[in-house]
Amino acid sequence: MAAFIDLPVKVIFGRNKEDNIGAEVKYFGGSKVLLVYNLRFNQATGVTEKIRRSLEIFGIESVDFAKEFGKNPRVDVIREGIEFARQNYVDFILALGSSHTVNLAKTIALGVANSVDIKEIFTSNRAYKDSLPVGVILTMPGNGVESTGKVYLYENDSDNLLKGSALTNSAYTPRFMILNPEIMNTSSIYTYSSCVYMLGQLIAKYLTSTEYVELLERDTEAIMNIVLSKMRILRNDPANYAAKANLMWAGVLAYNSALDEKIDDCALFSMEKAIRECFDCSPGESLALVMPAWFDYLKEKHLLRVAQFANRVLNIPFNFSDPMSTASLGIYRLKQILKECGLPSCIADMGGDGRSIQSIISHIAFRKDGTIGTFELLDRTACEVILSSLLIKESSSIN
């Protein structure tokens, strides 16, 4: 078992916990807050007024940076936020919304605290450790950016395709995050995309060669089972508090260091990132597309492992005389659950075609030896096999 440390962010969970946001901001030294949110979110919930009232009670000023932005806010939006924050002399950034909003808030906090352009921070060899403090009120299951020191920068390359850069530093970790399942947004594809990203993180840690991780393995299986089952419940009952609460808490556990420190397989996320850059989609959408195909490829060499996943996570009865059927049924069920939640299942769903395969391949960051992954090494040919299977569109449903 690998060594690990505890989750570094304060987690505040439950109904109406955002009502006490003023006390949290004051505790962490904030006197003037930049409230970052997507205008579409505010129109849907009206939570911002509750936040302002709580801040006012504690004598904290606030200004809004409210924009309508997409799944991967670009450099120009970040620069605008940095300039607005500087003009208003804020000393605390508060993100209200999804992980995309949290990432935007964190990049603004990083840019305000340093005198160089935000792109310089991401491309320089120097480690920039200064950042304004950030707080989070999450309205969807997280993807890790809200509870870790990870932060991402997105821009378009010369071919007008999405290009992402990442930094990790403990100084960028939010001071706290508030999770109130009642204000969780279940009307957006972002909700299910966030769940799938969480699932992908867990799967990448589940497929490991690290020894003596039986307890962590069972924990991971339980969380994955909850994520998939609650996704289906929310699809039919968007107001189900128990399902929302379980998904939000699963998002905390999925990025807990006890699970995070297992040696994981990066091949899934290498392909996910390449798909995201080509189609400017969310991480969860690109994972939903490639994850079943990746499992289908793995089952040829890791049959019992994939069959175990099908049995323990997707509740497929284990056929000991034919484990291949167990694995295949599990992959089929996974694919259909994702499809029923409105997520893409083939390249055509992303607006692509056969020509997209080579474009995706060109965006995969292969190592010098021409491979990606650790649990199972994938070369260019293997990636082409996996991605080419995404050209086939299937139509069916499961119970």
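The values are calculated or read from the model by the stated rules, or taken from the named source; none is laboratory data. Worth saying up front: this structure is predicted, and the values here are computed from it rather than measured. In this analysis, Cβ positions are derived from the backbone assuming ideal geometry, glycine residues included, and neighbour counts consider all displayed protein chains.
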* Count of residues meeting criterion [surrounded by 15 or more Cβ atoms within 10 Å (Cβ to Cβ) and assigned to a loop (DSSP other than H, G, I, E, B)] in region 371-393 -> 4
* **Any hit, region 226-239, residues being within 27 Å of residue 48 (Cα to Cα), in a loop (DSSP other than H, G, I, E, B), assigned by TED's automatic domain parsing to the domain that holds residue 111 and of a type in the set (D, E, K, R)** => no
* Say whether the condition of being under 18 Å from the mean Cα position of the chain (by Cα) and at pLDDT below 85 is met by at least one residue in region 169-186. => yes
* Return yes when residue 67 is surrounded by fewer than 23 Cβ atoms within 10 Å (Cβ to Cβ), modelled with pLDDT under 90 and closer than 25 Å to residue 121 by Cβ and no when it is not. => yes
* Report, by residue number, each residue of region 322-347 that is closer than 24 Å to residue 236 by Cβ, in contact with a Lys or Arg (Cβ under 6 Å, 6 or more places away or on another chain) and among the small types (Gly, Ala, Ser). => 345
* Asked: For the subset of region 1-22 comprising residues that are small (Gly, Ala, Ser) and under 17 Å from residue 47 (Cβ atoms), which member is modelled with the lowest pLDDT?
  -> 14
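Would it be correct to say that residue 76 is assigned by TED's automatic domain parsing to the domain that holds residue 46, at pLDDT 90 or above and of a type in the set (D, E, K, R)? Full working, then the answer.
Values: assigned by TED's automatic domain parsing to the domain that holds residue 46: yes; at pLDDT 90 or above: no; of a type in the set (D, E, K, R): yes.
No: the conditions fail for residue 76.
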* Asked: So residue 285 clears everything in (1) part of a helix (DSSP H, G or I); (2) of a type in the set (Asp, Glu); (3) under 24 Å from residue 367 (Cα atoms) except one condition, right? Which one?
  -> (3)
* To do: Could you tell me whether region 278-296 includes any residue that is buried (at least 24 other Cβ atoms within 10 Å of the Cβ), over 15 Å from residue 373 (Cα atoms) and β-branched (Val, Ile, Thr)?
  => no
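Answer yes or no: is there a residue in region 312-334 that is touching an Asp or Glu at 6+ places or on another chain (Cβ under 6 Å) and in a loop (DSSP other than H, G, I, E, B). Give the derivation first.
Filtering region 312-334 down to residues touching an Asp or Glu at 6+ places or on another chain (Cβ under 6 Å) leaves 312-313, 331.
Restricting the remaining residues to those that are in a loop (DSSP other than H, G, I, E, B) gives 313.
Yes: one or more hits.
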* Asked: Do you know which of the residues in region 92-106 that are polar (S, T, N, Q) and touching a strand residue (DSSP E or B) at 6+ places or on another chain (Cβ under 6 Å) is surrounded by the fewest Cβ atoms within 10 Å (Cβ to Cβ)?
  -> 103
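Here's the yes/no breakdown for (1) out of contact with any Gly (no Cβ under 9 Å at 6 or more places or on another chain); (2) surrounded by fewer than 23 Cβ atoms within 10 Å (Cβ to Cβ); (3) not assigned by TED's automatic domain parsing to the domain that holds residue 274:
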| site | (1), (2), (3) |
| --- | --- |
| 109 | yes, no, yes |
| 118 | no, yes, yes |
| 128 | yes, yes, yes |
| 137 | no, no, yes |
| 195 | no, no, no |
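Residues checked against (1) part of a loop (DSSP other than H, G, I, E, B); (2) under 25 Å from residue 251 (Cβ atoms); (3) not polar (S, T, N, Q):
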| site | (1), (2), (3) |
| --- | --- |
| 62 | no, no, no |
| 86 | no, no, yes |
| 132 | yes, yes, yes |
| 143 | yes, yes, no |
| 146 | yes, yes, yes |
| 155 | no, no, yes |
